[in-house]
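First up is the structure itself, then whatever we jot down about it.
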Amino acid sequence: MKKVNTYTKTVLTLLVVFITSFTTITAQNDPVKLGFIPLTDCSPIVMAKELGLFKKYGVEVVVTKESSWANVRDKILTGELDGAHCLYSMPFSVYTGVGGKAGSEMKIAMMLNVNGQAITLSKDFCGKVGFKQMNKVAPVVAAKLKAEKEVTFAMTFPGGTHDLWLRNWMAIAGVNQKTSKIITIPPPQMVANMKVGNMDGFCVGEPWGGVAVKQGIGFTQVASQDIWKDHPEKALVVNKEFSEKRRTDLVKVMKAVLEACIWLDNPANRKKAAGMIGKAPYVNAPADVIENRLMGNYDLGCNQGTQVYAKDYMLFHKGGAVNYPRKSHAIWAMAQFVRFGMLKEAPNYKAIADKLILQDLYEEVAKSMKVKVPNDDMKPFSLTMDKTVFDPSNPAGYLKVVKK
């Protein structure tokens, strides 16, 4: 009887080992699943697919369009997505409990782009405040509030980059955030919501600011690069388990995306990119709007003419300066959560940045591709419009003096 039991246990043990090994091997052979939101800055992932770069580096990738940033968050956390084109501040928003369940880990593998977002105001403000006329914003908002009892601005995710650019814009302009309603709307739905009067202004990535202008329902009051030239924007964010158990595949994905970023920064390639990402399976927006803003030619709307950005339009590589994931930028984002009342107490800035940013892995990939790794992380910096110096080693000092 004991021999039977011993035999049974041995068979069961071997079966468990076999199933575990089979599951692991199967998982390692599964295609990598990457998501994106319909925005111009999903281009590195889309073009890596369309240019055959994932195949070049020996990894099979399935690219899927997602409906909202909350959907992206949930799918990365559950592993339904291995990674995605993502707001760079989202992992910190989620981990600190601002935009998700506190303690949930999403990892930043690399940055995808800088610049290329905008504050769009409804045509109701046309003629009352113009491009970069920051001193006129607060009086116009106050008048609207007095007349209609409510002023509404939209962003795309609590603690996401669009939320931070919107709140920084309001602070610079002197708009009281407590008297304004701030709502969350997925990027592709911004224009339709403004069209029916659901908001007075929004902050989102291109091409939706440009589309609002083309449809005559809004105008560009300021681009995000006017607020902060070369600000961090989207990142390749990945599932924690994927980053640990399929590191080889992640490296291949990063190499393909990095090569796509280099390709995208060649102006000669941007027309092709605009035509490709404008198609229905991807951004589903007019290619001319995508191309113009990709090239730095902004039709501002509201009879304001065209603003040309020569060196600070949407960039994807800039000799490696774009793609390096900086811990100082993570600390800045979390300081904004404290600044604007999303967090009551300061988080452990450095520890969270260390935990969520795969900086060593990026450096390994960059060096293997002979891409320069910047040496400016953790150095003080300031925004273009708000000159308050931010020292990542002393966020508390910054918070004492910066405008709320």
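The values are calculated or read from the model by the stated rules, or taken from the named source; none is laboratory data. Bear in mind the structure is a predicted one, so any value in this text is a computation, not a measurement. Quick reminder, even Gly has a Cβ in these numbers, built from the backbone with ideal geometry, and neighbours come from all protein chains shown. Calculation scope for accessible area: heavy atoms of the full protein, side chains included, ligands and nucleic acids excluded. Shrake-Rupley method; radii C 1.70, N 1.55, O 1.52, S 1.80 Å.
Hey, what's the Kirkwood Rh for region 88-180 if you take every pair of different alpha carbons, in angstrom? This gives a value of 15.1 Å.
Rg/Rh for region 270-365 stands at 1.11; both radii use Cα atoms, and Rh follows the Kirkwood definition. Accessible surface of the chain, 1.4 Å probe: 54 percent of it comes from carbon and sulfur atoms.
Classify region 208-349 as rounded, prolate or oblate, taking a ≥ b ≥ c as the square roots of the eigenvalues of its Cα gyration tensor: rounded when a/c is under 1.5, otherwise prolate if a/b is larger than b/c and oblate if not.
Taking the square roots of the gyration eigenvalues as a ≥ b ≥ c, region 208-349 is oblate.
Give me the angle, in degrees from 0 to 90, between the Cα long axis of helix 359-368 and the longest principal axis of the Cα atoms of the chain, rounded to the nearest 10. That helix lies at roughly 80 degrees to the long axis. For Asp288, neighbours were defined as the other residues whose beta-carbon sits under 15 Å from its Cβ, and their charges (Lys and Arg +1, Asp and Glu -1) total +3. Spatially, region 260-299 and region 68-127 are offset by 21 Å when compared through their Cα centroids.
For region 145-192, what does the alpha-carbon gyration tensor say about shape, rounded, prolate or oblate, given a ≥ b ≥ c as the root eigenvalues, a/c under 1.5 as rounded, and a/b over b/c as prolate? Oblate shape, in that a/c is at least 1.5 and b/c is the bigger or equal ratio. Classified by the C-alpha gyration tensor, region 267-325 has an oblate form. Its axis ratio a/c, with a ≥ b ≥ c, is 1.5 or above, and a/b does not exceed b/c.
May I ask you to give the average projected area over all directions of the convex hull of the Cα atoms of region 116-272, in nm² rounded to one decimal? If you can, show how the numbers build up before the last one.
Working: hull surface 44.5 nm².
Over every viewing direction, the Cα hull of region 116-272 projects on average to 11.1 nm².
The long axis of helix 327-339 is offset from the longest Cα principal axis of the chain by roughly 60 degrees. Springs between alpha-carbon atoms under 10 Å, Gaussian network over the chain: tell me which of Met369, Met314, Met190 tops the mean-square fluctuations. Result: Met369 has the largest fluctuation of those listed.
Between the residues Met254, Ala171, Ala212, the greatest Cα displacement towards the positive end of the dipole of the chain, with unit charges on the Cβ of Lys, Arg, Asp and Glu, is found for Ala171. For region 28-173, list log₁₀ I(q)/I(0) at each q in 0.17 Å⁻¹, using the Debye formula over Cα point scatterers of equal strength and ignoring solvent, two decimals each. The Debye formula, applied to the Cα set alone, gives -1.00. Taking the chain as a whole, the Cys residues whose C-beta sits 4.7 Å or farther from every other Cys C-beta are Cys42, Cys86, Cys203, Cys261. Could you point to the residue in Leu383, Thr96, Pro186 farthest towards the positive end of the chain's charge dipole, with +1 and -1 charges on the Cβ of Lys/Arg and Asp/Glu respectively? Working it through, the farthest residue towards the positive pole turns out to be Thr96.
For trypsin sites (Lys or Arg not before Pro), the sites in region 48-127 that DSSP calls loop and that have at most 16 other Cβ atoms within 10 Å are Lys101.
Taking a Cβ cut-off of under 13 Å around Lys387, the surrounding Lys, Arg, Asp and Glu residues balance to a net charge of +1, with basic ones at +1 and acidic ones at -1. For the chain, the fraction of alpha-carbon pairs lying more than 32 Å apart is 35 percent, rounded to a whole number. Structure remark: mean-square fluctuation, Gaussian network model of the chain, C-alpha springs under 10 Å; the largest value among Lys252, Lys355, Lys146 belongs to Lys146.
Here the chain carries DSSP beta bridges of which approximately 65% are antiparallel, counting only pairs with both residues inside.
From the C-alpha coordinates alone, can you work out the Kirkwood hydrodynamic radius of region 179-292, in Å? Mind dumping the intermediate values first?
Values: mean 1/r = 0.0597 Å⁻¹.
Hydrodynamic radius (Kirkwood, Cα only) of region 179-292 equals 16.7 Å.
Taken about its Cα centre, region 305-378 carries a charge dipole of roughly 100 debye when the Cβ of each Lys and Arg holds +1 and the Cβ of each Asp and Glu holds -1.
Note that region 299-347 carries a Kirkwood radius of 14.3 Å, evaluated over its alpha carbons pair by pair.
Ordering of 397-403, 219-225 by packing is 219-225, 397-403, highest average first (other Cβ atoms within 10 Å, averaged per residue). Projecting the Cα positions of Ile119, Val365, Ser393 onto the charge dipole of the chain (unit charges on Cβ atoms of Lys, Arg, Asp and Glu, taken about the Cα centre) puts Ser393 furthest along the positive direction.
Residues of the chain: accessible area per residue at 1.4 Å, in Å²? List each step's numbers first, then the result.
Values: 17000 Å² over 404 residues.
In whole numbers, the chain has 42 Å² accessible per residue.
Under a Cβ-only charge scheme (Lys and Arg +1, Asp and Glu -1), can you give me the dipole magnitude of the chain about the Cα centre, in debye to the nearest 20?
So the dipole magnitude of the chain works out to roughly 440 debye.
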